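The values are calculated or read from the model by the stated rules, or taken from the named source; none is laboratory data. Here the structure is a predicted model, which means the values were calculated and not measured. Using ideal geometry, Cβ is built from the backbone for each residue, glycine included, and neighbour counts are taken over all protein chains shown.
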Amino acid sequence: MSARPGYRNSSAQRIGAMLSRHFFLIRKSWPRLLSFAYYPVMQLLVWGFVTQYLGPQSASQGVLQAVPGILLTGVLLWDVLVRGELGLFLSFLEEMYSRNLGNLFVSPLRLHEFVIAQMLMSIVRVVIGSGVALLVAVVFFDLQIAQQAFALSLCLGCLLVFGWAVGLLANGLVLRFGLGAEEIGWAVVFLIGPLSGAYYPISVLPSWLQTVAYALPTAWAFEAMRTALIEGRIAWQMLATSMLLNLVYFVGCGYLFWRFVESGRERGLLLQMGE
Amino acid sequence: MHDSMLTVSEPRTPAIVVRDLKKSYGAVDAVRGITFSVAPGETVGLLGGNGAGKTTTISMLLGVLKPSAGSIELLGLSLAAHRYDILPRINFTSPYVDLPKRLSVVENLRVFAGLYGLRDGKKRIANLLGELDLEEVADRPYANLSAGQRTRVSLAKSLLNSPELLLLDEPTASLDPDVGDRMRSLLERYRKQSGCAMLLASHNMAEVERLCDDVIMLKRGAIVDKGSPAALLTKYGRSNLDDVFLDISRGNATTAAA
(Lines give C-alpha, C1' and ligand atoms only; values in the text may rest on other atoms or scores of the structure.)
Protein backbone atom coordinates (compact mmCIF):
# COMPACT_ATOMS: atom_id res chain seq x y z
CA MET A 1 0.00 0.00 0.00
CA SER A 2 1.33 3.46 -0.88
CA ALA A 3 1.83 6.06 1.81
CA ARG A 4 -0.78 8.76 2.51
CA PRO A 5 -0.14 12.23 1.10
CA GLY A 6 2.40 14.00 3.30
CA TYR A 7 3.91 10.71 4.46
CA ARG A 8 6.66 8.38 3.28
CA ASN A 9 6.71 4.63 3.56
CA SER A 10 10.47 4.64 3.96
CA SER A 11 12.45 1.98 5.73
CA ALA A 12 15.52 4.26 5.69
CA GLN A 13 13.57 7.06 7.37
CA ARG A 14 12.40 4.76 10.15
CA ILE A 15 15.91 3.41 10.71
CA GLY A 16 17.20 6.99 10.67
CA ALA A 17 14.60 7.95 13.26
CA MET A 18 15.79 5.16 15.55
CA LEU A 19 19.39 6.27 15.09
CA SER A 20 18.47 9.88 15.82
CA ARG A 21 16.94 8.71 19.11
CA HIS A 22 20.39 7.46 20.18
CA PHE A 23 22.32 10.41 18.73
CA PHE A 24 20.09 12.85 20.65
CA LEU A 25 21.17 11.03 23.81
CA ILE A 26 24.87 10.92 22.94
CA ARG A 27 24.94 14.56 21.86
CA LYS A 28 23.86 15.86 25.23
CA SER A 29 25.80 13.49 27.46
CA TRP A 30 29.59 13.58 27.32
CA PRO A 31 29.88 10.94 30.09
CA ARG A 32 27.91 8.60 27.84
CA LEU A 33 30.27 9.33 24.95
CA LEU A 34 33.24 8.87 27.24
CA SER A 35 31.90 5.52 28.43
CA PHE A 36 32.11 4.22 24.84
CA ALA A 37 35.90 4.53 24.97
CA TYR A 38 36.54 4.21 28.69
CA TYR A 39 36.45 0.42 29.08
CA PRO A 40 38.35 -0.42 25.86
CA VAL A 41 41.07 2.08 26.73
CA MET A 42 41.42 0.88 30.34
CA GLN A 43 41.56 -2.71 29.16
CA LEU A 44 44.15 -1.81 26.59
CA LEU A 45 46.30 0.08 29.11
CA VAL A 46 46.43 -2.95 31.40
CA TRP A 47 47.43 -5.27 28.56
CA GLY A 48 49.73 -2.65 27.10
CA PHE A 49 51.79 -2.61 30.29
CA VAL A 50 51.73 -6.41 30.41
CA THR A 51 53.24 -6.48 26.90
CA GLN A 52 55.88 -3.96 27.97
CA TYR A 53 56.80 -6.34 30.78
CA LEU A 54 56.84 -9.36 28.43
CA GLY A 55 58.41 -7.57 25.48
CA PRO A 56 62.11 -7.66 26.44
CA GLN A 57 61.83 -11.30 27.58
CA SER A 58 60.29 -12.50 24.31
CA ALA A 59 62.25 -10.28 21.93
CA SER A 60 64.87 -12.85 20.99
CA GLN A 61 62.72 -15.97 21.02
CA GLY A 62 61.38 -16.54 17.49
CA VAL A 63 57.61 -16.60 17.30
CA LEU A 64 57.34 -15.09 20.78
CA GLN A 65 58.54 -11.80 19.30
CA ALA A 66 55.03 -11.37 18.00
CA VAL A 67 53.43 -11.91 21.44
CA PRO A 68 53.02 -8.24 22.45
CA GLY A 69 51.37 -7.40 19.13
CA ILE A 70 49.17 -10.49 19.31
CA LEU A 71 48.04 -9.66 22.83
CA LEU A 72 47.23 -6.05 22.03
CA THR A 73 45.45 -6.94 18.80
CA GLY A 74 43.59 -9.65 20.71
CA VAL A 75 42.48 -7.05 23.25
CA LEU A 76 41.29 -4.73 20.50
CA LEU A 77 39.42 -7.42 18.58
CA TRP A 78 37.88 -8.93 21.71
CA ASP A 79 36.59 -5.47 22.48
CA VAL A 80 35.00 -5.30 19.02
CA LEU A 81 33.07 -8.46 19.86
CA VAL A 82 31.96 -7.07 23.23
CA ARG A 83 31.03 -3.65 21.75
CA GLY A 84 29.14 -5.42 18.96
CA GLU A 85 27.05 -7.32 21.49
CA LEU A 86 26.60 -4.42 23.87
CA GLY A 87 25.70 -2.11 21.01
CA LEU A 88 22.56 -4.17 20.45
CA PHE A 89 21.92 -5.01 24.06
CA LEU A 90 22.34 -1.49 25.47
CA SER A 91 20.17 0.03 22.75
CA PHE A 92 17.50 -2.50 23.65
CA LEU A 93 17.83 -1.85 27.38
CA GLU A 94 17.44 1.90 26.73
CA GLU A 95 13.99 1.16 25.31
CA MET A 96 13.14 -1.17 28.19
CA TYR A 97 14.25 1.29 30.87
CA SER A 98 12.20 4.08 29.31
CA ARG A 99 9.14 1.82 28.73
CA ASN A 100 9.25 2.85 25.10
CA LEU A 101 9.05 -0.60 23.51
CA GLY A 102 5.25 -0.45 23.39
CA ASN A 103 5.38 2.81 21.44
CA LEU A 104 7.86 1.31 19.00
CA PHE A 105 6.02 -1.98 18.47
CA VAL A 106 2.83 -0.05 17.72
CA SER A 107 4.55 2.33 15.29
CA PRO A 108 5.20 1.40 11.64
CA LEU A 109 8.75 0.37 12.59
CA ARG A 110 9.40 -3.22 11.47
CA LEU A 111 11.30 -5.65 13.66
CA HIS A 112 14.16 -5.97 11.16
CA GLU A 113 14.46 -2.16 10.95
CA PHE A 114 14.67 -2.04 14.73
CA VAL A 115 17.50 -4.61 14.62
CA ILE A 116 19.32 -2.86 11.76
CA ALA A 117 19.25 0.43 13.71
CA GLN A 118 20.72 -1.39 16.71
CA MET A 119 23.45 -2.92 14.54
CA LEU A 120 24.33 0.49 13.12
CA MET A 121 24.51 1.86 16.65
CA SER A 122 26.86 -0.96 17.60
CA ILE A 123 29.13 0.03 14.69
CA VAL A 124 29.16 3.58 16.08
CA ARG A 125 30.15 2.20 19.48
CA VAL A 126 32.91 0.09 17.91
CA VAL A 127 34.25 2.98 15.85
CA ILE A 128 34.38 5.30 18.85
CA GLY A 129 35.41 2.80 21.55
CA SER A 130 37.79 0.56 19.68
CA GLY A 131 39.01 3.45 17.52
CA VAL A 132 40.27 5.38 20.53
CA ALA A 133 41.77 2.21 22.01
CA LEU A 134 43.58 1.50 18.72
CA LEU A 135 44.98 5.01 18.73
CA VAL A 136 46.26 4.51 22.28
CA ALA A 137 47.83 1.17 21.28
CA VAL A 138 49.61 2.69 18.28
CA VAL A 139 50.80 5.85 20.03
CA PHE A 140 51.76 4.53 23.45
CA PHE A 141 52.58 0.86 22.85
CA ASP A 142 53.98 1.01 19.36
CA LEU A 143 51.47 -1.45 17.93
CA GLN A 144 52.28 -1.96 14.25
CA ILE A 145 49.47 -3.67 12.36
CA ALA A 146 49.15 -1.48 9.27
CA GLN A 147 50.50 -4.20 6.98
CA GLN A 148 47.92 -6.68 8.23
CA ALA A 149 45.09 -4.14 8.29
CA PHE A 150 43.04 -5.89 5.60
CA ALA A 151 43.33 -9.34 7.17
CA LEU A 152 42.54 -7.93 10.61
CA SER A 153 39.56 -5.99 9.32
CA LEU A 154 38.15 -9.30 8.03
CA CYS A 155 38.65 -10.79 11.51
CA LEU A 156 36.94 -7.71 12.94
CA GLY A 157 33.97 -8.23 10.62
CA CYS A 158 33.61 -11.85 11.75
CA LEU A 159 33.70 -10.87 15.42
CA LEU A 160 31.28 -7.97 14.97
CA VAL A 161 28.69 -10.20 13.31
CA PHE A 162 29.00 -12.76 16.10
CA GLY A 163 28.61 -9.92 18.62
CA TRP A 164 25.33 -9.02 16.89
CA ALA A 165 24.16 -12.63 17.07
CA VAL A 166 24.89 -12.77 20.81
CA GLY A 167 23.23 -9.36 21.25
CA LEU A 168 20.07 -10.61 19.56
CA LEU A 169 20.02 -13.59 21.90
CA ALA A 170 20.52 -11.33 24.94
CA ASN A 171 17.70 -9.03 23.76
CA GLY A 172 15.42 -12.01 23.29
CA LEU A 173 16.17 -13.33 26.78
CA VAL A 174 15.33 -9.98 28.36
CA LEU A 175 12.17 -9.71 26.27
CA ARG A 176 11.08 -13.19 27.30
CA PHE A 177 12.11 -13.17 30.96
CA GLY A 178 12.03 -9.45 31.74
CA LEU A 179 14.71 -7.25 33.25
CA GLY A 180 15.47 -10.05 35.72
CA ALA A 181 17.42 -11.62 32.85
CA GLU A 182 19.49 -8.46 32.35
CA GLU A 183 22.49 -9.96 34.12
CA ILE A 184 22.50 -12.88 31.70
CA GLY A 185 22.51 -10.39 28.85
CA TRP A 186 25.60 -8.68 30.27
CA ALA A 187 27.39 -11.93 30.99
CA VAL A 188 26.57 -14.07 27.97
CA VAL A 189 29.37 -12.76 25.76
CA PHE A 190 31.97 -13.45 28.44
CA LEU A 191 30.84 -17.08 28.60
CA ILE A 192 32.55 -17.68 25.27
CA GLY A 193 35.71 -15.80 26.27
CA PRO A 194 37.75 -18.84 27.42
CA LEU A 195 36.81 -20.72 24.24
CA SER A 196 37.53 -17.93 21.78
CA GLY A 197 41.30 -17.85 22.07
CA ALA A 198 41.65 -14.09 21.95
CA TYR A 199 44.94 -14.19 23.87
CA TYR A 200 46.15 -17.77 23.29
CA PRO A 201 45.87 -20.38 20.54
CA ILE A 202 43.01 -22.86 20.70
CA SER A 203 45.63 -25.66 20.80
CA VAL A 204 46.31 -24.91 24.48
CA LEU A 205 42.78 -25.99 25.39
CA PRO A 206 42.07 -29.62 26.35
CA SER A 207 41.26 -31.55 23.18
CA TRP A 208 37.54 -32.02 24.01
CA LEU A 209 37.25 -28.29 24.63
CA GLN A 210 38.95 -27.54 21.32
CA THR A 211 36.06 -29.28 19.56
CA VAL A 212 33.63 -26.98 21.36
CA ALA A 213 35.79 -23.92 20.64
CA TYR A 214 35.94 -24.67 16.91
CA ALA A 215 32.15 -24.63 16.84
CA LEU A 216 32.40 -20.90 17.59
CA PRO A 217 33.19 -18.36 14.85
CA THR A 218 35.30 -16.43 17.34
CA ALA A 219 37.90 -19.23 17.65
CA TRP A 220 38.44 -19.21 13.85
CA ALA A 221 38.56 -15.41 13.74
CA PHE A 222 41.23 -15.19 16.45
CA GLU A 223 43.23 -18.03 14.84
CA ALA A 224 43.08 -16.04 11.60
CA MET A 225 44.29 -12.98 13.52
CA ARG A 226 47.32 -14.89 14.80
CA THR A 227 48.05 -16.25 11.33
CA ALA A 228 48.01 -12.70 9.96
CA LEU A 229 50.28 -11.35 12.70
CA ILE A 230 52.76 -14.28 12.83
CA GLU A 231 52.83 -15.48 9.23
CA GLY A 232 51.78 -12.27 7.53
CA ARG A 233 49.11 -13.93 5.39
CA ILE A 234 45.34 -14.02 5.18
CA ALA A 235 43.89 -17.31 6.46
CA TRP A 236 41.01 -17.42 4.00
CA GLN A 237 39.81 -20.84 5.03
CA MET A 238 39.61 -19.91 8.70
CA LEU A 239 37.82 -16.67 7.88
CA ALA A 240 35.37 -18.48 5.59
CA THR A 241 34.68 -21.03 8.33
CA SER A 242 34.16 -18.22 10.80
CA MET A 243 31.73 -16.46 8.48
CA LEU A 244 29.79 -19.64 7.73
CA LEU A 245 29.43 -20.33 11.44
CA ASN A 246 28.43 -16.69 11.90
CA LEU A 247 25.68 -17.18 9.37
CA VAL A 248 24.36 -20.14 11.35
CA TYR A 249 24.56 -18.29 14.68
CA PHE A 250 23.12 -15.05 13.33
CA VAL A 251 20.16 -16.79 11.69
CA GLY A 252 19.67 -18.98 14.77
CA CYS A 253 19.81 -16.09 17.26
CA GLY A 254 17.72 -13.89 14.95
CA TYR A 255 15.10 -16.63 14.81
CA LEU A 256 15.15 -16.97 18.60
CA PHE A 257 14.77 -13.21 19.00
CA TRP A 258 11.81 -13.25 16.60
CA ARG A 259 10.28 -16.18 18.48
CA PHE A 260 10.70 -14.34 21.80
CA VAL A 261 8.98 -11.28 20.29
CA GLU A 262 6.13 -13.48 19.02
CA SER A 263 5.95 -15.17 22.41
CA GLY A 264 5.74 -11.68 23.97
CA ARG A 265 2.91 -10.94 21.55
CA GLU A 266 1.07 -14.07 22.67
CA ARG A 267 1.66 -13.43 26.37
CA GLY A 268 0.90 -9.71 26.30
CA LEU A 269 4.38 -8.60 27.31
CA LEU A 270 5.13 -6.08 24.58
CA LEU A 271 3.00 -3.19 25.80
CA GLN A 272 3.98 -3.50 29.43
CA MET A 273 7.70 -4.15 29.18
CA GLY A 274 10.01 -2.01 31.25
CA GLU A 275 10.96 -0.90 34.71
CA MET B 1 -21.77 -15.36 24.54
CA HIS B 2 -21.96 -13.79 21.11
CA ASP B 3 -23.02 -10.21 21.07
CA SER B 4 -24.79 -8.78 18.13
CA MET B 5 -22.89 -6.08 16.27
CA LEU B 6 -23.20 -2.62 17.68
CA THR B 7 -25.56 -0.85 15.34
CA VAL B 8 -23.72 1.61 13.17
CA SER B 9 -25.90 3.38 10.66
CA GLU B 10 -23.04 4.74 8.51
CA PRO B 11 -22.62 2.81 5.26
CA ARG B 12 -18.90 3.72 5.08
CA THR B 13 -16.13 1.25 5.94
CA PRO B 14 -16.11 0.92 9.72
CA ALA B 15 -12.98 2.04 11.55
CA ILE B 16 -13.10 -1.08 13.73
CA VAL B 17 -14.81 -4.40 13.18
CA VAL B 18 -14.20 -6.99 15.88
CA ARG B 19 -15.76 -10.41 15.53
CA ASP B 20 -15.90 -13.04 18.28
CA LEU B 21 -12.58 -11.89 19.71
CA LYS B 22 -11.12 -14.09 22.44
CA LYS B 23 -7.96 -14.06 24.52
CA SER B 24 -7.07 -16.77 26.98
CA TYR B 25 -4.01 -17.14 29.18
CA GLY B 26 -4.04 -20.85 29.95
CA ALA B 27 -7.30 -21.52 31.75
CA VAL B 28 -8.02 -17.83 32.30
CA ASP B 29 -10.28 -16.17 29.73
CA ALA B 30 -9.37 -12.48 29.63
CA VAL B 31 -11.66 -11.68 26.70
CA ARG B 32 -14.57 -14.01 25.87
CA GLY B 33 -15.75 -13.63 22.31
CA ILE B 34 -16.62 -9.97 21.97
CA THR B 35 -18.10 -8.50 18.79
CA PHE B 36 -18.49 -4.82 18.06
CA SER B 37 -17.78 -2.17 15.47
CA VAL B 38 -16.93 1.51 15.44
CA ALA B 39 -17.91 3.78 12.57
CA PRO B 40 -15.60 6.44 11.09
CA GLY B 41 -15.78 9.60 13.17
CA GLU B 42 -17.46 7.78 16.04
CA THR B 43 -16.14 7.67 19.60
CA VAL B 44 -16.93 4.52 21.52
CA GLY B 45 -16.19 4.07 25.21
CA LEU B 46 -14.92 0.81 26.61
CA LEU B 47 -16.02 0.60 30.22
CA GLY B 48 -15.48 -1.99 32.88
CA GLY B 49 -13.83 -2.58 36.20
CA ASN B 50 -10.26 -3.68 36.69
CA GLY B 51 -9.67 -6.96 34.87
CA ALA B 52 -12.73 -6.51 32.65
CA GLY B 53 -10.62 -6.83 29.51
CA LYS B 54 -10.35 -3.22 28.32
CA THR B 55 -6.55 -3.06 28.01
CA THR B 56 -6.44 -6.61 26.65
CA THR B 57 -8.91 -5.62 23.93
CA ILE B 58 -6.96 -2.46 23.05
CA SER B 59 -3.69 -4.42 23.00
CA MET B 60 -5.19 -6.87 20.51
CA LEU B 61 -6.44 -3.98 18.37
CA LEU B 62 -2.91 -2.54 18.37
CA GLY B 63 -1.46 -5.86 17.27
CA VAL B 64 0.82 -6.22 20.30
CA LEU B 65 -1.27 -9.06 21.72
CA LYS B 66 -2.22 -12.06 19.63
CA PRO B 67 -5.89 -13.06 19.94
CA SER B 68 -6.67 -16.67 20.81
CA ALA B 69 -9.58 -16.55 18.36
CA GLY B 70 -11.68 -14.14 16.36
CA SER B 71 -10.87 -11.45 13.84
CA ILE B 72 -10.04 -7.75 13.79
CA GLU B 73 -10.48 -5.37 10.88
CA LEU B 74 -9.22 -1.83 11.18
CA LEU B 75 -9.98 0.80 8.53
CA GLY B 76 -11.29 -1.95 6.27
CA LEU B 77 -8.18 -4.13 6.47
CA SER B 78 -7.53 -7.35 8.34
CA LEU B 79 -5.09 -6.62 11.16
CA ALA B 80 -3.57 -10.09 10.90
CA ALA B 81 -2.77 -9.68 7.19
CA HIS B 82 -2.14 -5.93 6.85
CA ARG B 83 -0.65 -4.82 10.15
CA TYR B 84 2.01 -2.59 8.59
CA ASP B 85 -0.51 -0.98 6.23
CA ILE B 86 -2.71 -0.13 9.20
CA LEU B 87 -0.17 1.04 11.78
CA PRO B 88 0.81 4.28 9.96
CA ARG B 89 -2.88 5.29 10.01
CA ILE B 90 -3.63 4.69 13.67
CA ASN B 91 -2.11 5.72 16.99
CA PHE B 92 -2.62 5.28 20.70
CA THR B 93 -1.91 6.45 24.21
CA SER B 94 -1.58 4.16 27.17
CA PRO B 95 -0.45 4.51 30.77
CA TYR B 96 1.62 1.35 30.24
CA VAL B 97 4.12 3.05 27.95
CA ASP B 98 6.32 6.09 28.27
CA LEU B 99 8.86 8.04 26.25
CA PRO B 100 12.65 8.22 26.62
CA LYS B 101 13.13 10.46 29.62
CA ARG B 102 16.43 12.08 28.74
CA LEU B 103 15.26 13.23 25.35
CA SER B 104 13.55 16.59 25.15
CA VAL B 105 9.92 16.93 24.13
CA VAL B 106 10.86 18.03 20.62
CA GLU B 107 13.46 15.27 20.23
CA ASN B 108 10.93 12.62 21.23
CA LEU B 109 8.40 13.97 18.78
CA ARG B 110 11.02 14.15 16.00
CA VAL B 111 11.87 10.49 16.50
CA PHE B 112 8.23 9.48 16.20
CA ALA B 113 7.65 11.84 13.27
CA GLY B 114 10.42 9.88 11.52
CA LEU B 115 8.95 6.53 12.51
CA TYR B 116 5.53 7.53 11.15
CA GLY B 117 7.11 8.83 7.94
CA LEU B 118 6.02 12.48 8.16
CA ARG B 119 7.41 14.53 5.29
CA ASP B 120 7.12 17.82 7.16
CA GLY B 121 7.59 16.70 10.73
CA LYS B 122 8.84 20.06 11.97
CA LYS B 123 5.68 21.90 10.96
CA ARG B 124 3.40 19.24 12.41
CA ILE B 125 5.36 19.20 15.68
CA ALA B 126 5.24 23.00 15.91
CA ASN B 127 1.46 22.92 15.41
CA LEU B 128 0.94 20.25 18.04
CA LEU B 129 3.20 21.99 20.56
CA GLY B 130 1.07 25.11 20.10
CA GLU B 131 -2.26 23.30 20.30
CA LEU B 132 -1.24 21.37 23.41
CA ASP B 133 0.37 24.37 25.09
CA LEU B 134 3.77 22.68 25.19
CA GLU B 135 5.86 25.35 23.49
CA GLU B 136 7.48 26.50 26.73
CA VAL B 137 8.70 23.02 27.60
CA ALA B 138 9.62 21.97 24.06
CA ASP B 139 13.34 21.78 24.81
CA ARG B 140 12.99 20.43 28.32
CA PRO B 141 13.90 16.78 29.00
CA TYR B 142 10.80 14.61 29.21
CA ALA B 143 11.94 13.47 32.69
CA ASN B 144 11.56 17.03 34.01
CA LEU B 145 7.92 17.41 33.03
CA SER B 146 4.92 17.20 35.33
CA ALA B 147 2.45 14.31 34.96
CA GLY B 148 0.05 16.57 33.11
CA GLN B 149 2.73 17.78 30.70
CA ARG B 150 3.85 14.20 30.05
CA THR B 151 0.29 13.20 29.23
CA ARG B 152 0.06 16.07 26.77
CA VAL B 153 3.33 15.03 25.13
CA SER B 154 2.01 11.49 24.89
CA LEU B 155 -1.13 12.85 23.25
CA ALA B 156 1.00 14.94 20.88
CA LYS B 157 2.84 11.74 19.91
CA SER B 158 -0.45 10.01 19.28
CA LEU B 159 -1.69 12.84 17.03
CA LEU B 160 1.58 13.22 15.07
CA ASN B 161 0.46 11.06 12.16
CA SER B 162 -3.06 12.56 12.02
CA PRO B 163 -4.52 9.15 12.81
CA GLU B 164 -7.79 7.97 11.31
CA LEU B 165 -8.27 5.78 14.35
CA LEU B 166 -7.13 6.61 17.87
CA LEU B 167 -7.03 4.05 20.68
CA LEU B 168 -7.01 5.77 24.03
CA ASP B 169 -6.38 3.82 27.20
CA GLU B 170 -7.20 6.08 30.14
CA PRO B 171 -5.89 9.20 28.37
CA THR B 172 -6.67 11.63 31.19
CA ALA B 173 -5.78 9.47 34.19
CA SER B 174 -3.58 11.36 36.67
CA LEU B 175 -4.51 14.75 35.22
CA ASP B 176 -5.97 17.54 37.31
CA PRO B 177 -9.52 18.60 36.33
CA ASP B 178 -8.31 21.64 34.39
CA VAL B 179 -5.77 19.78 32.26
CA GLY B 180 -8.13 16.84 31.89
CA ASP B 181 -10.82 19.16 30.57
CA ARG B 182 -8.40 20.71 28.08
CA MET B 183 -7.41 17.26 26.86
CA ARG B 184 -11.03 16.32 26.32
CA SER B 185 -11.62 19.57 24.43
CA LEU B 186 -8.62 18.85 22.25
CA LEU B 187 -9.83 15.32 21.49
CA GLU B 188 -13.29 16.71 20.61
CA ARG B 189 -11.73 19.31 18.35
CA TYR B 190 -9.46 16.78 16.65
CA ARG B 191 -12.33 14.42 16.05
CA LYS B 192 -14.47 17.20 14.59
CA GLN B 193 -11.68 18.42 12.30
CA SER B 194 -10.40 15.04 11.15
CA GLY B 195 -13.32 12.66 11.37
CA CYS B 196 -11.10 10.32 13.37
CA ALA B 197 -12.72 7.35 15.09
CA MET B 198 -11.80 6.76 18.72
CA LEU B 199 -12.00 3.86 21.11
CA LEU B 200 -11.69 5.13 24.63
CA ALA B 201 -11.07 2.99 27.71
CA SER B 202 -11.69 5.04 30.80
CA HIS B 203 -12.83 4.93 34.39
CA ASN B 204 -13.93 8.55 34.21
CA MET B 205 -17.68 8.35 33.57
CA ALA B 206 -18.10 12.09 33.06
CA GLU B 207 -15.44 11.89 30.36
CA VAL B 208 -17.22 8.98 28.71
CA GLU B 209 -20.55 10.78 28.79
CA ARG B 210 -19.00 13.84 27.23
CA LEU B 211 -16.91 12.20 24.51
CA CYS B 212 -18.61 8.97 23.54
CA ASP B 213 -21.41 8.30 21.08
CA ASP B 214 -21.69 4.74 22.27
CA VAL B 215 -20.52 2.77 25.24
CA ILE B 216 -19.55 -0.89 25.54
CA MET B 217 -19.77 -2.26 29.06
CA LEU B 218 -17.34 -5.08 29.74
CA LYS B 219 -17.37 -7.47 32.65
CA ARG B 220 -14.99 -10.39 33.07
CA GLY B 221 -14.05 -10.23 29.41
CA ALA B 222 -17.56 -10.19 27.97
CA ILE B 223 -19.82 -7.42 26.69
CA VAL B 224 -22.69 -7.14 29.16
CA ASP B 225 -24.38 -4.08 27.67
CA LYS B 226 -23.95 -1.38 25.08
CA GLY B 227 -25.64 1.70 23.75
CA SER B 228 -25.41 5.46 23.83
CA PRO B 229 -24.81 7.05 27.22
CA ALA B 230 -28.31 8.52 27.13
CA ALA B 231 -29.88 5.17 26.25
CA LEU B 232 -28.01 3.43 29.07
CA LEU B 233 -29.11 6.07 31.58
CA THR B 234 -32.73 5.59 30.53
CA LYS B 235 -32.42 1.82 30.52
CA TYR B 236 -31.02 1.66 34.03
CA GLY B 237 -33.09 4.53 35.39
CA ARG B 238 -30.02 6.39 36.55
CA SER B 239 -28.93 9.99 36.30
CA ASN B 240 -25.24 9.32 35.64
CA LEU B 241 -23.01 6.64 34.16
CA ASP B 242 -21.22 6.10 37.47
CA ASP B 243 -24.40 4.52 38.86
CA VAL B 244 -24.95 2.51 35.68
CA PHE B 245 -21.37 1.26 35.96
CA LEU B 246 -21.94 0.24 39.59
CA ASP B 247 -25.21 -1.49 38.75
CA ILE B 248 -23.51 -3.55 36.08
CA SER B 249 -20.27 -4.28 37.89
CA ARG B 250 -22.07 -5.27 41.12
CA GLY B 251 -24.57 -7.45 39.31
CA ASN B 252 -27.61 -5.26 39.98
CA ALA B 253 -28.12 -4.73 36.28
CA THR B 254 -31.16 -6.97 35.81
CA THR B 255 -33.05 -5.44 38.71
CA ALA B 256 -32.12 -1.91 37.81
CA ALA B 257 -32.88 -2.32 34.16
CA ALA B 258 -36.16 -4.14 34.69
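Observations on the structure shown:
- A:G129 fulfils the conditions (1) in contact with an Asp or Glu (Cβ under 8 Å, 6 or more places away or on another chain); (2) modelled with pLDDT of 95 or more; (3) not basic (K, R) except for a single criterion, (2).
- Applying the criterion of at least 3 residues that are modelled with pLDDT of 90 or more to the helices (runs of 4 or more DSSP H) found wholly in the stretch A:169-275 leaves A:193-196, A:207-213, A:217-231, A:236-267.
- Residues (in a helix (DSSP H, G or I), among the β-branched types (V, I, T) and either touching a Pro at 6+ places or on another chain (Cβ under 9 Å) or buried (at least 16 other Cβ atoms within 10 Å of the Cβ) (or both)) located in the stretch A:139-166: A:V161, A:V166
- Within the stretch B:146-163, tally of residues that are among the aliphatic types (A, V, I, L, M), without any contact (Cβ under 8 Å) to a residue 60 or more places away in the chain and either under 21 Å from A:P5 (Cβ atoms) or surrounded by 21 or more Cβ atoms within 10 Å (Cβ to Cβ) (or both): 2
- Hits in the stretch A:1-13 (condition: facing chain B (nearest Cβ under 7 Å) and either hydrophobic (A, V, I, L, M, F, W, C) or closer than 17 Å to A:S122 by Cα (or both)): A:M1, A:A3
- Any chance A:L76 is in contact with a helix residue (DSSP H, G or I) (Cβ under 7 Å, 6 or more places away or on another chain) and modelled with pLDDT of 85 or more: yes
- Pair list, Cβ < 9 Å and 6+ apart or interchain, from the stretch B:79-104 residues that are within 8 Å of another protein chain (Cβ to nearest Cβ) to residues that are part of a helix (DSSP H, G or I) and acidic (D, E): B:P100/A:E94; B:P100/A:E95; B:P100/B:E107
- Boolean, B:R182 is within 8 Å of chain A (Cβ to nearest Cβ), modelled with pLDDT under 95, surrounded by fewer than 23 Cβ atoms within 10 Å (Cβ to Cβ) and in contact with a Leu (Cβ under 9 Å, 6 or more places away or on another chain): no
- Scanning the stretch A:247-264 for any residue that is within 14 Å of another protein chain (Cβ to nearest Cβ), β-branched (V, I, T), crowded, with 18+ Cβ neighbours inside 10 Å and touching a Phe, Trp or Tyr at 6+ places or on another chain (Cβ under 9 Å) turns up at least one such residue.
- In the stretch B:63-161, counting only helices (runs of 4 or more DSSP H) that sit wholly within it, the ones holding 1 or more residues that are under 16 Å from the mean Cα position of the chain (by Cα), closer than 22 Å to A:F92 by Cα and at pLDDT below 95 span B:147-159.
- Taking the criterion of being surrounded by 20 or more Cβ atoms within 10 Å (Cβ to Cβ) and within 14 Å of another protein chain (Cβ to nearest Cβ), the residues of the stretch A:114-138 that qualify are A:F114, A:A117, A:M121.
- Residue satisfying all of: in the stretch B:41-63; in contact with a Lys or Arg (Cβ under 6 Å, 6 or more places away or on another chain) and either charged (D, E, K, R) or more than 9 Å from every other protein chain (Cβ to nearest Cβ) (or both); farthest from B:D29 (Cα to Cα) among these: B:L46
- One residue from B:L246, B:L218 being surrounded by 22 or more Cβ atoms within 10 Å (Cβ to Cβ) and hydrophobic (A, V, I, L, M, F, W, C): B:L218
- In the stretch B:20-40, the residues that are out of contact with any helix residue (DSSP H, G or I) (no Cβ under 7 Å at 6 or more places or on another chain), within 12 Å of chain A (Cβ to nearest Cβ) and not hydrophobic (A, V, I, L, M, F, W, C): B:S24, B:Y25, B:G26
- The set of residues in the stretch A:190-209 that are farther than 18 Å from A:F162 by Cβ and in contact with a helix residue (DSSP H, G or I) (Cβ under 8 Å, 6 or more places away or on another chain) comprises A:P201, A:S203, A:L205, A:L209.
- Residues of the stretch A:216-243 satisfying the condition of being loosely packed, with under 13 Cβ neighbours inside 10 Å and of a type in the set (A, V, I, L, M, F, W, C): A:W236
- Condition check for A:L33: of a type outside the set (D, E), more than 10 Å from chain B (Cβ to nearest Cβ) and either crowded, with 16+ Cβ neighbours inside 10 Å or under 25 Å from B:P141 (Cβ atoms) (or both): yes
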